[in-house]
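What follows is a set of notes on a single structure, which appears directly below.
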Amino acid sequence: MGFATKAIHAGQEPDPTTGAVAVPIYQTSTYVQDALGQHKGFEYARTQNPTRLALEKNLAALEGGQAAHCFASGMAAIDTVLKLLKAGDHVIVSENTYGGTYRLFERVLRGFGLDFSYVDTTESLNVESALRDNTRMIFLETPTNPIMAVADLEGIGKLARANDIRLVVDNTFMSPYFLRPIEWGADIVVHSTTKYLNGHSDTIGGVAVTARKEDAEQIGFLQNAVGAILSPFDSFLIMRGTKTLSVRMRQHDENGRRVAAFLDEHPKVQKVYYPGLAQHPQHERAKQLMTGFGGMIAFETGSLAAARSVLDNVRLCALAESLGGVETLISHPATMTHASVPAEQRLRLGISDGLVRISVGIEDVEDILADLDAALQRA
Ligand code: P1T
């Protein structure tokens, strides 16, 4: 079955009682039992909910995993996955991740006895050099937020398998339409479903998709034990989103390529970070791993004043955190999404005060280009 067909049908059987084509929102906290110990597979809605289950089946199919578990946010999904570990365990992490991921690892989980090393995951050798006897997980974000570095997923996948270490990939930026990390050796894929999977900037959610049955069981246990579940209404909205994932991603990619090429030529822009550009350092790898480049672009304006001028002068592009919605969003990583990353580390990674990030939406691309051009002219 092709990807678009799966996106529309996987986990979406018509409702058994009414035949409703759209999976209903089962807004209930509990389920009546026929007799003591006799129920229909649903006991309490933290543990199981039919709407959430339908979305989980859908996302497991799209990523090619065994199972999926949905959470109240991307951060809740990542936090729950890290709970597979124990105090004393070591994790190797992409040096450039979403600022909230870095904050969770450094300011919360370190306090529970986990240790983290941050390395440039565009080279598997850097990961190999960081391995310790107690390394139990490798956590990759690819392409990275916001610098768009593409990890050596194939090399790191092999390394993880050879050393029996869990490989976790945050696939938020590509979505399973363009990249399926399990095919390259990942054990667990996480997403902020808030972004492309939902696609309409109207829910917060997260998912962990597991390739192995043991991990699926353990994450299911943790989802119920910890309790950061996705609500039935949000499950319904994300499911509505995934049905159009293919057509939306194709348009994000088409518009993304046009906007990246435009920025690359623009005299007010010093540098563009987009894996679809031939000069991107991992362009060839991106072509091998991914079937498209998506709609996420970062560009360097040269100074805080220039970045501010662009951000203050756009009209169509919305100045806002988040990404992956149908509407174009524009943001300033240094003071917004990556403010919790220490300044010297930000600068080393290229997250300067002049860096602007754009999540290219699926409006008519000429309108996006005209808006950016007008704002850049004033910078
Ligand atoms: O916001 P939440 O649904 O909790 O997801 C966190 C998260 C995890 N992983 C990646 C790659 C992300 O980009 C995010 C959230 N990012 C933003 C809000 C942002 O504007 O970059």
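The values are calculated or read from the model by the stated rules, or taken from the named source; none is laboratory data. Note that the structure is a prediction, hence the values are computed from the model and not measured. Here the Cβ is made from the backbone with ideal geometry for all residues, glycine too, and neighbour counts use every protein chain on show.
Side notes on the structure shown:
- Qualifying residue in region 81-94 (condition: closer than 30 Å to Ser246 by Cα, outside any loop (DSSP other than H, G, I, E, B), of a type outside the set (S, T, N, Q) and touching a residue at least 60 places away in the same chain (Cβ under 8 Å)): yes
- Residues of region 264-296 that are of a type in the set (A, V, I, L, M) and touching a residue at least 60 places away in the same chain (Cβ under 8 Å): Val269, Ala286, Leu289, Met290, Met296.
- Looking across region 118-143 at every residue that is part of a strand (DSSP E or B) and under 21 Å from the mean Cα position of the chain (by Cα), the one that is farthest from the ligand (Cβ to nearest atom) is identified as Val119.
- Residues that are within 11 Å of the ligand (Cβ to nearest atom) and of a type in the set (Gly, Ala, Ser) were ranked within region 320-336; the one that is surrounded by the most Cβ atoms within 10 Å (Cβ to Cβ) is Gly324.
- Within region 322-340, the set of residues being part of a loop (DSSP other than H, G, I, E, B) and touching an Asp or Glu at 6+ places or on another chain (Cβ under 9 Å) comprises Gly325, Val326, Glu327, Thr328, His332, Ala334, Thr335, Met336, Thr337, Ser340.
- Some residue of region 283-295 being within 13 Å of the ligand (Cβ to nearest atom), under 17 Å from the mean Cα position of the chain (by Cα) and over 16 Å from Met249 (Cα atoms): no
- Taking region 364-379 as the range and being touching a residue at least 60 places away in the same chain (Cβ under 8 Å) and either assigned to a strand (DSSP E or B) or surrounded by fewer than 22 Cβ atoms within 10 Å (Cβ to Cβ) (or both) as the test, the residues that pass are Val365, Leu369, Asp373, Ala374, Ala375, Gln377, Arg378, Ala379.
- None of Ala307, Ala261 is among the small types (Gly, Ala, Ser) and touching a residue at least 24 places away in the same chain (Cβ under 8 Å) except Ala307.
- Selection status of Ala76, under 15 Å from Ile188 (Cβ atoms), at pLDDT 95 or above, outside any strand (DSSP E or B) and within 15 Å of the ligand (Cβ to nearest atom): yes
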